[in-house]
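Notes for the one structure printed next.
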């Protein structure tokens with residue numbers, strides 16, 4: 001993109017109550033329908049009467065499918081109205097980043113819920129057989145988004161390393177236990193075999209479908225990238241990313257947040273076909289305006305530069321775990337601070353730290369709108 005400081009969303013947006021309860025087949029309150037109408041008018045959604053009628057219907061497969069599309073349309077228009085340059089659909093079709101993929105593959109068995117953070121939980125599975133591609137998990141969502149926006153599209157895609165790290169590895173550990181007496185070596189070899197089977201049997205087939213259907217940019221989400229910060233594990237992560245993206249005519253980026261950037265920085269330069277790192281910094285930073293010593297949250301950028309990363313930064317300038325709405329001037333100063341650090345402002349893409357599913361639509365919209373305004377202030381400052 002030729003525009004300086006292009007603005008983007010990282011992935012998720014909280015699902016409206018009318019989408020959640022409606023999809024579950026639960027009766028909706030009048031206030032839920034009123035909320036849908038309020039935001040529909042604010043976002044300029046056409047044919048609102050059709051949605052109101054749909055929300056008043058009883059549960060059915062066709063109604064659930066239609067609700068996914070309406071919710072995605074709202075999220076797309078939400079990002080457009082906020083003024084973003086690059087976005088998707090707020091992941092409105094997905095149950096959860098991990099569970100959504102597992103449900104569309106074979107070889108897994110769900111065991112129960114585990115806590116991820118705050119009051120958020122995901123349904124954890126065990127790998128009980130070699131994973132196989134059962135059905136597409138992102139293609140329909142991408143095609144719908146492609147038909148309904150003129151923004152540049154970036155598809156969030158849960159990475160294989162994170163899926164493996166978050167899954168009980170029963171099948172491969174049983175196999176590996178017959179080959180070695182070392183428990184540590186058995187665990188690592190089982191993880192490696194599981195990881196590359198998952199990449200070749202599930203991840204790459206879905207990427208192939210997306211690319212063949214016109215996807216130009218795929219963001220690999222790897223929150224578990226530095227969970228095991230040994231050299232051996234980090235080399236495995238790098239190898240898994242490189243295997244995932246090799247050979248595709250597509251732009252790939254990596255998203256990693258709330259992580260050990262002093263570890264990730266050492267290996268980021270070894271990632272192949274990775275044009276962009278989307279990283280979380282606003283959560284670590286002060287809320288004072290200004291550049292230089294005032295900016296306490298961006299020092300790790302120097303580590304990525306020192307270790308040879310030459311790609312772009314998806315710079316987190318908005319904290320997604322707070323209702324504090326960053327003023328445009330604060331966003332501007334965070335951008336300008338890093339632009340000075342790397343001496344090349346064209347490498348900066350302006351982003352929230354992570355997806356906004358922890359915030360209400362009201363707060364999210366204000367944050368994104370100020371992010372867009374802050375990026376414009378940054379452009380003007382450099383003219």
Of all helices (runs of 4 or more DSSP H) fully inside the stretch 14-108, the set with 1 or more residues that are more than 30 Å from residue 315 (Cβ to Cβ) and without any contact (Cβ under 8 Å) to a residue 40 or more places away in the chain is 17-23, 30-43, 48-55, 61-82
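Could you grab me the full set of residues in the stretch 274-286 that are in a loop (DSSP other than H, G, I, E, B) and either more than 18 Å from the chain's Cα centre (by Cα) or under 30 Å from residue 329 (Cα atoms) (or both)? Full working, then the answer.
Within the stretch 274-286, the first condition is being in a loop (DSSP other than H, G, I, E, B), and the residues that meet it are 274-275, 280-281, 285-286.
The answer is 275, 280, 281, 285, 286.
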Residue 287 meets each of (1) surrounded by fewer than 16 Cβ atoms within 10 Å (Cβ to Cβ); (2) closer than 17 Å to residue 336 by Cα; (3) out of contact with any helix residue (DSSP H, G or I) (no Cβ under 8 Å at 6 or more places or on another chain) with one exception, condition (3)
How many residues of the stretch 230-269 are in a helix (DSSP H, G or I) and out of contact with any strand residue (DSSP E or B) (no Cβ under 9 Å at 6 or more places or on another chain)? The answer is 17
Taking the stretch 341-383 and the residues there that are part of a loop (DSSP other than H, G, I, E, B) and either in contact with a strand residue (DSSP E or B) (Cβ under 9 Å, 6 or more places away or on another chain) or touching a residue at least 60 places away in the same chain (Cβ under 8 Å) (or both), the one that is nearest to residue 281 (Cα to Cα) would be 353
For the stretch 217-232, pairs from a residue that is within 28 Å of residue 138 (Cα to Cα) to a residue that is part of a loop (DSSP other than H, G, I, E, B), with Cβ under 6 Å and 6 or more apart or across chains, are 217/154; 218/250; 219/154; 220/159; 221/159; 222/159; 226/259; 226/260
In the stretch 205-223, anything touching a strand residue (DSSP E or B) at 6+ places or on another chain (Cβ under 9 Å), surrounded by fewer than 19 Cβ atoms within 10 Å (Cβ to Cβ) and over 15 Å from residue 153 (Cβ atoms) is listed as 205
Regarding the stretch 316-324, can at least one residue be identified that is closer than 28 Å to residue 205 by Cβ, under 18 Å from the mean Cα position of the chain (by Cα) and buried (at least 21 other Cβ atoms within 10 Å of the Cβ)?
no
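So that you can scan it fast, the table gives a plain yes or no per residue for (1) in a helix (DSSP H, G or I); (2) over 30 Å from residue 19 (Cβ atoms); (3) touching a strand residue (DSSP E or B) at 6+ places or on another chain (Cβ under 7 Å):
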residue	(1), (2), (3)
271	no, yes, yes
288	no, yes, no
298	no, yes, no
303	yes, yes, no
316	no, no, yes
326	no, no, yes
339	yes, yes, yes
Query raised in the report: Taking residue 195, is it under 26 Å from residue 242 (Cβ atoms) and at pLDDT 95 or above?
Result: yes
Restricting the stretch 305-314 to residues that are part of a loop (DSSP other than H, G, I, E, B) and in contact with a strand residue (DSSP E or B) (Cβ under 8 Å, 6 or more places away or on another chain), the one farthest from residue 331 (Cα to Cα) turns out to be 309
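The values are calculated or read from the model by the stated rules, or taken from the named source; none is laboratory data. Quantities reported herein were computed from a predicted structural model and do not represent experimental measurements. Glycine gets a Cβ as well: all are built from the backbone with ideal geometry, and neighbour counts include every protein chain shown.
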